[in-house]
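Undergrad: If you scroll down you'll find the structure; I have some questions about it.
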Amino acid sequence: MLYLKTILEGINKPQDLRKLSYEQIKLLAKEIRHFLICSVSKTGGHLAPSLGVVELTLAIHKVFNSPVDKIVWDVGHQSYVHKILTGRRNEFCTLRQFGGISGFPKISESAHDIFGTGHSSTSISAALGIALARDIAGDKESVIAVIGDGSLTGGQAYEALNHAGHSGTNMIVILNDNEMSIAKNVGAISEYLSKMRTEPKYTKVKQDIEFLLRRIPAIGDSVAKTVERVKDSLRYLLVPGVLFEELGFNYIGPIDGHNFELLSEVLEKAKKMQGPILIHVLTCKGKGYKPAECNPDKYHGVGPYCIETGEVVKNGDTPTYTSVFGEVLLNLAKQDSRIVAITAAMPEGTGLKKFANQFPKRFFDVGIAEQNAVTMAAGMATKGMRPVVALYSTFAQRAYDQILHDICLQKLPVIFALDRAGIVGEDGPTHHGLFDYSYLRHIPNLTIMAPKDEDELRHMMFTAVKMDSPVAIRYPRGSGLGVPMDKPLQPLTIGEAEELKGGADVVFLAVGSMIEPCIAAREILASEGIEVGVVNARFVKPLDEQMLRKLSRDVRIIITVEENILAGGFGSAVLEYLNAQNLHGVKVLRLGFPDQFIEQGTRSQIFKKYGLHAEGIASAASSFVHRFGVR
C-alpha cells in the first residue's frame, strides 16, 4: 500500500513523529489501525484496547522523548501502538507467538518498555517509584503513567494516587476512560467517571466563574480565594475532577482522546506544570473497526478472526472447562439458594454470564479487585451462603493474604474456581497459572482439587458445595477432552485418589491435566517392555496417604506429573509425605515446570519444550527406569 510505504514504514522510532504535520499524523493513525486489524486477525491479541488509544499514543510519543522520558502502561492491553512506534513493527507478525514479541510491555524486549506489566492497577505505583528515584538522583525527565478506567477499580491505584498526591512530585497520570475494562465497569468510581463524561462543560463553567470573580474591582481576588475555600459550594458542584484534586492532583479534562491536536497541546502544557497531574481522556474502545466498537468486550482479547465478518476462528465444538464450570454452577444454584457467584471483572471469561443473567441478585462483579472479592465472600459465608469465587489462577495470587487470613484461618466454606491454571498460552509469564499448587497447598484447612477431565470437574463442584470448609478447584484453559457428561453428579471421597491403569514396574502419580499425556506415555513405555500404572491423584491436598503407602510397597518407582512449578508443588508434597513416613524404599521422579518464568507459546509448544507431552514424559520415565532399574 502506498500510504504504508510513505508514512508508517517511515516510523522506526518515536522521534520520527516530530517530522510529520497534523494531516500526516491523521493519515498515520488510519494506517496504524489498518495495520493492527490485519496483524491481530492472524495472531490474536488485545485488539479493542489498542485501537482506542492510537491518537493518544501518537500524542504521547510526539510530546515526550522516550525512553529518556518514562512511559508506564497499565496492564499493557493498550500498548500495541507503543510497540509499533518504538521499532517493533516488523516483528508484529510474531506477537504473542512462541519466540516472538510479548503482548505486554517487557523490560527485556525494548528500552522503551520502562516497566513490565500484565496485571492491572500497577502503573501509578511504578511511575511514582520511578519519579521519586528521579528526584533523589536530581534528574529531570518526565514520568507518565497511562491507566485505563477499568484499572481504577483496583485498590492499588488509589494507594498510589494517595501517595503521589501527598509527595507532590512531578508526574503525569493519563486516565484512558472508555467505560470498559474487559467487561462493563462497575461500582461508584465508574458512575463518578460517567458523570464527568456527561458534563464536559463543568471545567469551562468553573473557569468562567473564576474569571468573572477576579474581575470584581478591589475585592475580586479575595472573593475568588474565599469561594475556593468554601468547598461545598462552587468546587464540589462544578469541578468534575474533585476526587483527584482532593488526592493532591491537578486535574485536566475530560478531553477528546481522538483529537490529536488537542491531546498534543494539553500534554505540552502538562509537561511544564509542577506537581502531580491527572489528564482525563475520553476514548472509544475498538475505534476504527466496527465489530470491535460494537462488541468491545469480545474484542478485548480475541483469537484469530476474519476481518470482513469479525467472526472468530473456532477450534472445534468440544466444550471448554470454563463453560462446563458455568453450566454446573448454574444447575447447582437452581437447587441450592445459598450459592452465590463472585468474580473480578471477568463474568464472561470465568463462565458466569449465564449465572449473572439468571440470578442477578446472587451474582457480584467487584471489578478488578480480587482482595475485595475474597474477603467479601468470607463475609457472605459467615451468613450461611456458599460463595463461589471465580478467578483466573494468576489473578488469585493478588488475594493471597485474604485467602489465607480471611477464609482459611476461619475455615469458611468458600469455593475458589481457579480458571486458566497451568499454561495459558500466548499471554505468557504474567498469565500462566503455574504457581497455585505451591502458594495454596501449605495453607491449613484448604482442600485442593484438580480434575482429569471436564466431567470430573462437574463432580468436584458438586463435592465442594457440600463441604463446610474452603475448597480450591483448578482447571486449565481451553477445551475439555470431549468425554461424556451424562452421569448424575456424585460426591467424591475427600482425599481419595483413583487408580486408572495398573502396572507392576512404575506408576505415574499424576494430577489434573497431566493424566491424559501420562496414559499416552504408558503406551509408549509398554513398547519398551516397561509396565506402568497411572493413578489420578485428584487431590493435591489432602493427599491419599493410603494410596501412597500402597504404592511404596508395590512399585519401585513413582513418577509425579503436574502442570505446576516443581518448587513446592504436588511432587514436593508426595516427597514430604514419603520422607515423613520413612518410606525410602521407593524412588521418586518429579516432572513439572522448572524454577523459572515460562515464556509465551501455545500449550502444545510449551509442553513439548519442557518435556510434559506424552513423548517427553515417556522419555524421562525410560531414562529414570534404566538408571535405577525396576526389579
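Undergrad: Tell me which of these LYS452 doesn't satisfy, since it passes every other one: (1) under 16 Å from TYR321 (Cβ atoms); (2) within 23 Å of the chain's Cα centre (by Cα); (3) not in a helix (DSSP H, G or I).
TA: (2)
Undergrad: Output the residues belonging to the stretch 584-623 that are surrounded by fewer than 16 Cβ atoms within 10 Å (Cβ to Cβ) and within 25 Å of GLY495 (Cα to Cα).
TA: Of everything in the stretch 584-623, those that are surrounded by fewer than 16 Cβ atoms within 10 Å (Cβ to Cβ) and within 25 Å of GLY495 (Cα to Cα) turn out to be HIS584, GLY585.
Undergrad: Just to verify a result, which residue in the stretch 572-619, among those that are over 23 Å from GLY428 (Cα atoms) and of a type in the set (Lys, Arg), is modelled with the lowest pLDDT?
TA: LYS587
Undergrad: Still on this structure, I have one more. For the stretch 328-343, which positions are assigned to a helix (DSSP H, G or I) and either out of contact with any helix residue (DSSP H, G or I) (no Cβ under 9 Å at 6 or more places or on another chain) or surrounded by fewer than 16 Cβ atoms within 10 Å (Cβ to Cβ) (or both)?
TA: ASN331, LYS334, GLN335
Undergrad: Could you tell me whether ILE71 is of a type in the set (A, V, I, L, M), farther than 18 Å from ILE107 by Cβ and in the same structural domain as CYS38 (by TED's automatic domain parsing)?
TA: Here the answer is no, as ILE71 does not meet what is asked.
Undergrad: What number goes with the only condition from (1) among the charged types (D, E, K, R); (2) surrounded by fewer than 18 Cβ atoms within 10 Å (Cβ to Cβ); (3) modelled with pLDDT of 90 or more; (4) more than 30 Å from SER604 (Cα to Cα) that GLU91 does not pass?
TA: Only one criterion is unmet by GLU91, namely (4).
Undergrad: OK, next. Pairs, please: C-beta under 7 Å, at least 6 apart or cross-chain, first residue touching a residue at least 24 places away in the same chain (Cβ under 8 Å) and in the stretch 14-35, second assigned to a loop (DSSP other than H, G, I, E, B) and among the small types (Gly, Ala, Ser)?
TA: What qualifies is PRO14/SER66; ARG33/GLY288.
Undergrad: Filter the stretch 147-192 down to residues that are more than 23 Å from the chain's Cα centre (by Cα) and at pLDDT below 85 and give me whichever is surrounded by the fewest Cβ atoms within 10 Å (Cβ to Cβ).
TA: Among them, the one singled out is GLU191.
Undergrad: Here is a further query. Taking the conditions exactly as written (outside any helix (DSSP H, G or I), assigned by TED's automatic domain parsing to the domain that holds SER264 and either surrounded by fewer than 17 Cβ atoms within 10 Å (Cβ to Cβ) or under 27 Å from the mean Cα position of the chain (by Cα) (or both)), does SER50 satisfy them or not?
TA: So SER50 fails the test.
Undergrad: Evaluate the following for GLY367: is it buried (at least 22 other Cβ atoms within 10 Å of the Cβ), under 15 Å from the mean Cα position of the chain (by Cα) and more than 30 Å from ILE515 (Cβ to Cβ)?
TA: yes
Undergrad: Another one. Kindly indicate which of PHE416, PHE395 is within 24 Å of MET485 (Cα to Cα) and either touching a residue at least 12 places away in the same chain (Cβ under 8 Å) or in a strand (DSSP E or B) (or both).
TA: Going through PHE416, PHE395 in turn, the sole match is PHE416.
Undergrad: Turning to a different aspect of this structure: Only one residue in LYS466, LYS541, LYS550 is among the charged types (D, E, K, R), farther than 16 Å from VAL324 by Cβ, within 31 Å of the chain's Cα centre (by Cα) and surrounded by fewer than 17 Cβ atoms within 10 Å (Cβ to Cβ). Which one?
TA: From the options LYS466, LYS541, LYS550, the qualifying one is LYS466.
Undergrad: Right, something else. Going through the stretch 81-108 one residue at a time, which ones are in contact with a strand residue (DSSP E or B) (Cβ under 7 Å, 6 or more places away or on another chain) and touching a residue at least 40 places away in the same chain (Cβ under 8 Å)?
TA: LEU95, ARG96, GLY103
Undergrad: Where residues in the stretch 59-88 are under 26 Å from the mean Cα position of the chain (by Cα) and aliphatic (A, V, I, L, M), which of them is surrounded by the fewest Cβ atoms within 10 Å (Cβ to Cβ)?
TA: ILE84
Yes/no matrix, rows are residues, columns are (1) within 21 Å of MET467 (Cβ to Cβ); (2) assigned to a loop (DSSP other than H, G, I, E, B):
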site: ASN315; (1), (2): no, yes
site: THR318; (1), (2): no, yes
site: SER323; (1), (2): no, no
site: THR350; (1), (2): yes, yes
site: LYS361; (1), (2): no, no
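Undergrad: What are the residue pairs meeting all of these: first residue in the stretch 618-629, first residue over 15 Å from GLU531 (Cβ atoms), second residue surrounded by 11 or more Cβ atoms within 10 Å (Cβ to Cβ), Cβ atoms under 8 Å, and 6 or more apart or on different chains?
TA: Taking only residues 6 or more apart or on different chains, the pairs are SER619/GLY611; ALA620/ILE559; ALA620/LEU589; ALA620/LEU591; ALA620/GLY611; PHE628/ARG556; PHE628/ILE557; PHE628/LYS587.
The values are calculated or read from the model by the stated rules, or taken from the named source; none is laboratory data. Everything quoted here is computed from the prediction, not taken from an experiment. Reconstructed Cβ throughout: ideal geometry from the backbone, glycine too, with neighbour counts over all protein chains shown.
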